[in-house]
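Worksheet for the structure shown next.
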Amino acid sequence: MDINALIEAFSEKAYVAAYRLTGNRADACDLVQETFLRVIKKAELYDSSSDFGGWLHRVLFRVYLNGRRGSARRREVPLEAREGESSPVSALAAGPGESPEKIVENNELRERLAAALGALPPDLRACVVLVDMEGRDYEQAAGILGWPVGTVSGRLFRARRILRGLLEPAVGERI
Amino acid sequence: MICTLVENLLDLYLDGRLVAFQARLVERHLAACPDCATRLASLKKVRQELRDLLTPEPPVDFKAGLKAALLEAGERREVSDEDAYEGAEPVPSFTLAFSLVAFLLFASGSILGPGLPSQSCTDSLNSVCAGNGAVKGE
């Protein structure tokens, strides 16, 4: 399969994961590009009997973590609208039948959630993205990140504690 | 106190990672404690919101840009590989450098003459160095 076919088949899914990790379009595009470059460079490491999408996903997370290790992490407010973009968070207007108050409340929670995600260190955020956003179990997350299951569990615990602390005012109760 | 204990278990309970007796303990407590039940509902809500956070569509030129960037990177790498080949100069290997250092250390014993600990030169009269090279035992 040539690289163009791989881009057609897998780049959008990679972009979704990249956006969840980086929180904005420009960095998500850069991360996907860097991931494909790494995949091309390390093509000999790919086991053709395994799922290419899964391998690409692993590479993407490791590129993300390696890119931010040891350097001062940019504290970007994630998932926020840039000039000329509509906010993906506020675009989540609630479904039919919800009262205006409920819609405002939900949008506020989403805005806070997005900001709280951006405040997490990369390793904790990666755990949240895999387990809480993608719905993977600890073992799958550990396989993707290359960490022991206990490490994933511990980092997830810390991440959730931080998120909880940041979200309590929005939810209006202890969580 | 039991609330604090259960509170710490709620995440694991939602993840399905509690052993049976722990899960039963949590469920019994939740049935009797409205505060903890509310907390569980809040946790579920936050998780649901996390899953529902939308990702915007990639930019319209995303795939085309990606293909172009990969193509450019591939060409750049080919050019730099050629440059590296053309301008390559022989680089001394680590083995060669190590051999050279070892040889110099060995040779220094002969060049510097007696006086090196490696040649057992001591102040003793029995030393090979005693009497400016006088024959040992005289």
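Taken along the Cα-to-beta-carbon direction at a fixed 7 Å, the label points for B:A31 and A:L45 span 5.1 nm.
Measuring heavy-atom accessible area with a 1.4 angstrom probe and counting protein chains only, the residues of segment A:20-51 that give up at least 30 Å² relative to the chain alone are A:R20, A:R25, A:C29, A:Q33, A:L37, A:I40. Surface exposure of segment A:105-175, expressed per residue as accessible area with a 1.4 Å probe, stands at 38 Å². Not counting ligands, DNA or RNA, and with a 1.4 Å probe, what is B:T4's accessible surface area in Å² rounded to the nearest 10? We get 80 Å² for B:T4.
Interface residues of segment B:14-52, defined as those losing at least 30 Å² of solvent-accessible heavy-atom surface relative to the isolated chain (probe radius 1.4 Å), are listed as B:D15, B:R17, B:R39, B:S42, B:L43, B:K45, B:V46, B:R47, B:E49, B:L50, B:R51.
The Cα atoms of segment A:1-62 give a gyration tensor whose axes a ≥ b ≥ c have a/c of 1.5 or more with a/b greater than b/c, which makes the shape prolate. Hey, how many Å between the Cα centroid of segment B:4-36 and the Cα centroid of segment A:7-46? With segment B:4-36 and segment A:7-46 each reduced to a Cα centre, they are spaced 38 Å. Accessible surface buried by the B/A pair amounts to about 3700 Å², both sides summed, 1.4 Å probe. Placing unit charges on the Cβ atoms only, positive for Lys and Arg and negative for Asp and Glu, gives segment B:23-69 a dipole magnitude near 240 debye about its Cα centre.
The values are calculated or read from the model by the stated rules, or taken from the named source; none is laboratory data. The structure presented is a predicted model; accordingly, all values stated were derived computationally and were not measured. Here Cβ is always computed from backbone atoms with ideal geometry, including for glycine, and neighbour counts include all displayed protein chains. Ligands, DNA and RNA are stripped out before the accessible areas are found, and what is left, the full protein with its side chains, is counted by its heavy atoms. Shrake-Rupley method; radii C 1.70, N 1.55, O 1.52, S 1.80 Å.
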